[in-house]
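Laboratory data are not the source of any read-out in this text; all were calculated from the coordinates shown. Keep in mind that this is a model prediction, so the values were computed, not measured. As a convention, Cβ positions derive from the backbone with ideal geometry for all residues, glycine included, and neighbour counts pool all protein chains shown.
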Amino acid sequence: MTFDYDLFVIGGGSGGVRAARIAASEYGARVGLAEESRMGGTCVIRGCVPKKLMIFASQAEAHAAEARGYGWAGAQAGAFDWQSFHKKLDAELTRLEGAYTGGLAAANVEIHKSRAKLYDAHTVELADGQRLTAKHILIAVGGRPQLPGFEGEELGLISDDLFLMDKLPGRVLVVGGGFIACEFATILNGLGAETVLAYRGDAVLRGFDMEMRRHATEQLRAVGVDLRLNQKDLKLEKDGDRVRAHLDEGPETFDAVMFATGRAPYTKGLGLEELGVKLAKNGAIVVDDYSQSSVPSIFAVGDVTDRVNLTPVAIREGHSFADTVFGAKPRTVDHSLYGAAVYVRPHEVASIGLTEEEAAERGQHDVYSASFRPMRSLFAGSDARAVMKLIVDSDSQKVVGCHIFGPEAGEMIQLVAIPMGMGATKAQFDAAIAVHPTLAEELVTMRKPARHIGGKAADKTVGKA
Ligand code: NDP
C-alpha cells in the first residue's frame with residue numbers, strides 16, 4: 001500500500017516539531033504536520049518562553065532596590081508599560097513561530113494549518129474533510145489547563161489568557177500551588193498587581209524536596225504575595241465587572257482570578273477511543289518505551305502521554321521516536337533523571353534526582369547541605385538565604401539528588417545534571433576545584449554530611465556542612 005506520507009504528525013509543539021524535522025531531514029522521510037493554532041505549541045507560544053520573559057520584566061523593581069543597596073541613590077524601576085511590553089512580546093513570539101515554521105519548511109515537512117483527527121490507523125482527517133494517509137502517525141498534541149470543578153469557575157482565567165490581557169489586573173487571585181501558580185504569582189506581584197495565592201496544601205510545589213518547598217513558600221510571602229494556605233473549595237461569582245471569590249476567610253473581590261490547577265492530556269475528540277488506542281484514566285495515551293501506542297502505526301510523545309511533562313523531555317522523546325522508526329537506531333528515553341526549575345524570584349527552585357524524603361524511603365543516604373546569604377544580595381541589604389543540598393547514597397557514594405534554592409538555580413542544576421548523569425560520586429564532585437566567589441562553589445566544597453537519613457541512623461544530625 002502506498003501512503004501520502006511516511007509520517008504524519010498531529011501537533012506542532014516542541015515534541016512534534018523535533019520528530020518531524022529529524023525524520024525528514026536526517027532520514028529522508030516524507031512528513032506532513034498539522035497544527036490548529038500557532039506553530040511552536042505551549043512552550044513557545046503560551047508557556048516557557050513568554051513566561052520567562054515576563055519573569056524578567058517582573059524583576060525591575062527588585063533590581064532597582066538592589067542598585068540602591070549598592071549606592072545608586074534614588075534608583076527606581078519607573079512605570080511598567082504593559083502595552084509596550086506586550087507588543088514586543090508578540091513580535092518575539094511571531095519571530096519564534098517563524099523560526100519553527102521555517103525549520104520545518106527547510107526540512108521539506110508539509111505543514112497543514114488545521115486541526116486533524118484520526119480517521120483510521122493510517123489516515124488523518126483535516127478540518128475541511130481532507131483525508132491524508134501515512135505509514136506512521138505521531139500524536140503530539142500536548143495538554144490543556146484543567147479546572148478543579150469549583151462553582152463559578154468559568155469566571156476565572158487560565159495561564160493562556162494572562163498573555164493576552166489588555167491591561168494588568170490591579171488585584172488578582174491565583175489558585176493552585178504548582179509550577180504555574182508560583183511563577184505567575186511571582187510575575188503578577190512583581191509587575192505591581194496586588195496578588196493573592198490560594199493553595200489547598202501547607203507548602204507550595206508538592207513533589208519537590210520539602211526543604212525547598214518551605215523556602216519557596218516563605219519567599220513568596222516575603223516578596224509580597226498574600227499567601228492563603230490550606231484553602232478549601234472556592235466559589236466565584238460576578239461582582240459588576242469584577243469577580244467575588246468566597247475564600248475560607250470570607251468573600252473578597254478581585255479584578256481577575258486565575259486557575260493554575262494542573263493540566264490534562266488534550267486527547268478529546270481525536271478519534272483515539274474509536275480506533276481502540278489505549279488511554280489512561282486521565283485521557284493520556286498509553287505508550288511503551290519507544291512511544292508506541294496499543295495501535296502499532298500510532299505513536300505519541302510529550303504531555304499527551306503524561307510521562308514527564310517538560311518541554312526538553314518531549315523533545316528527547318520526539319527525537320528518539322524519529323531515530324527508532326526512521327533511523328533504525330532504537331532509542332528509549334530515561335525518564336528517571338531530569339532536571340527541573342521553577343522560576344520564582346529572587347531565588348529559583350531547581351532540582352534533579354531524589355528528594356530527601358524519597359531518599360530516606362529508599363535506604364541510607366548522607367545529606368550535605370549549605371544555607372547561606374549570597375554575597376550579592378547580602379551586600380545590598382537582603383537577608384534572603386540560598387540553600388544547596390546534595391543527597392549521596394551512603395554505600396555507593398553516588399550523588400543521587402541535588403536541590404538548589406538560589407539565584408539562577410536553574411542554570412546551576414543544568415550543569416549538575418552532567419556529572420549526575422555520569423553517575424559521579426561525592427568524591428568526584430569534591431575533586432573539582434571551586435570557582436570563587438560563586439554560589440555554585442558550594443556544590444564542591446561541602447565537606448561533612450549534615451545528616452544521615454534512611455535506616456537506623458535516620459535523620460540524625462551529625463555535624464554542620
Ligand atoms: P501542577 O501539577 O504543577 O500544579 C497543580 C496545582 O493545582 C497543585 O498545587 C495542586 O494541588 C493544585 N490543584 C489541583 N487540583 C486542584 C483542585 N481540585 N483544587 C485545588 N487545587 C488543585 O500544575 P501546573 O498547572 O502548575 O503546571 C502544569 C505542568 O506544566 C507542570 O506539571 C509542569 O510539568 C509544567 N510546567 C513546567 C514549568 C517549568 O518547568 N518551569 C513551568 C510551568 C509549567 P496539590 O499540590 O495539592 O495537588
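Numbers below:
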{"item": "Residue match in the range 175-183 (condition: within 20 Å of the chain's Cα centre (by Cα) and at positive phi)", "result": "yes"}
{"item": "Those residues of the range 273-315 which are of a type in the set (V, I, T) and surrounded by fewer than 17 Cβ atoms within 10 Å (Cβ to Cβ), in sequence order", "result": "V286"}
{"item": "Test: residue in the range 414-431 that is under 28 Å from the mean Cα position of the chain (by Cα), part of a helix (DSSP H, G or I) and among the small types (G, A, S)", "result": "yes"}
{"item": "Long-range neighbours under 9 Å by Cβ, at least six apart or interchain, first residue at negative phi within the range 197-214, second within 10 Å of the ligand (Cβ to nearest atom) and among the hydroxyl-bearing types (S, T, Y)", "result": "none"}
{"item": "Verdict on G78 being in a loop (DSSP other than H, G, I, E, B) and out of contact with any Phe, Trp or Tyr (no Cβ under 9 Å at 6 or more places or on another chain)", "result": "yes"}
{"item": "Condition met for A314 (among the small types (G, A, S) and away from the ligand (no atom under 13 Å from the Cβ))", "result": "no"}
{"item": "Residue that is outside any helix (DSSP H, G or I), surrounded by 18 or more Cβ atoms within 10 Å (Cβ to Cβ) and either within 16 Å of the chain's Cα centre (by Cα) or near the ligand (Cβ under 10 Å from one of its atoms) (or both), where the choices are V333, V344", "result": "V344"}
{"item": "Residue match in the range 366-386 (condition: closer than 25 Å to R221 by Cα, more than 16 Å from the ligand (Cβ to nearest atom), part of a helix (DSSP H, G or I) and in contact with a Lys or Arg (Cβ under 8 Å, 6 or more places away or on another chain))", "result": "no"}
{"item": "Hey, G149 without any contact (Cβ under 8 Å) to a residue 60 or more places away in the chain and surrounded by fewer than 23 Cβ atoms within 10 Å (Cβ to Cβ) or not", "result": "yes"}
{"item": "Residue within the range 95-108 that is surrounded by 15 or more Cβ atoms within 10 Å (Cβ to Cβ), under 27 Å from the mean Cα position of the chain (by Cα), closer than 25 Å to L157 by Cβ and among the hydrophobic types (A, V, I, L, M, F, W, C) present", "result": "yes"}
{"item": "Residue match in the range 50-59 (condition: free of Cβ contacts under 8 Å to residues at least 12 places away in the same chain and within 16 Å of the ligand (Cβ to nearest atom))", "result": "yes"}
{"item": "Subset of the range 20-61 (residues that are crowded, with 18+ Cβ neighbours inside 10 Å and touching a strand residue (DSSP E or B) at 6+ places or on another chain (Cβ under 8 Å))", "result": "A20, A23, A24, A29, V31, G32, L33, A34, E35, M39, T42"}
{"item": "Test: G401 is farther than 19 Å from E66 by Cα and in contact with a strand residue (DSSP E or B) (Cβ under 9 Å, 6 or more places away or on another chain)", "result": "yes"}
{"item": "The range 152-184, residues that are touching a Pro at 6+ places or on another chain (Cβ under 6 Å) and either buried (at least 23 other Cβ atoms within 10 Å of the Cβ) or under 21 Å from R200 (Cβ atoms) (or both)", "result": "I158"}
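So that you can scan it fast, the table gives a plain yes or no per residue for (1) in contact with a His (Cβ under 9 Å, 6 or more places away or on another chain); (2) under 30 Å from V223 (Cβ atoms):
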{"residue": "G98", "(1), (2)": "no, no"}
{"residue": "G102", "(1), (2)": "no, no"}
{"residue": "Q130", "(1), (2)": "yes, no"}
{"residue": "L138", "(1), (2)": "no, no"}
{"residue": "P148", "(1), (2)": "no, yes"}
{"residue": "K167", "(1), (2)": "no, yes"}
{"residue": "G170", "(1), (2)": "no, yes"}
{"residue": "G176", "(1), (2)": "no, yes"}
{"residue": "G192", "(1), (2)": "no, yes"}
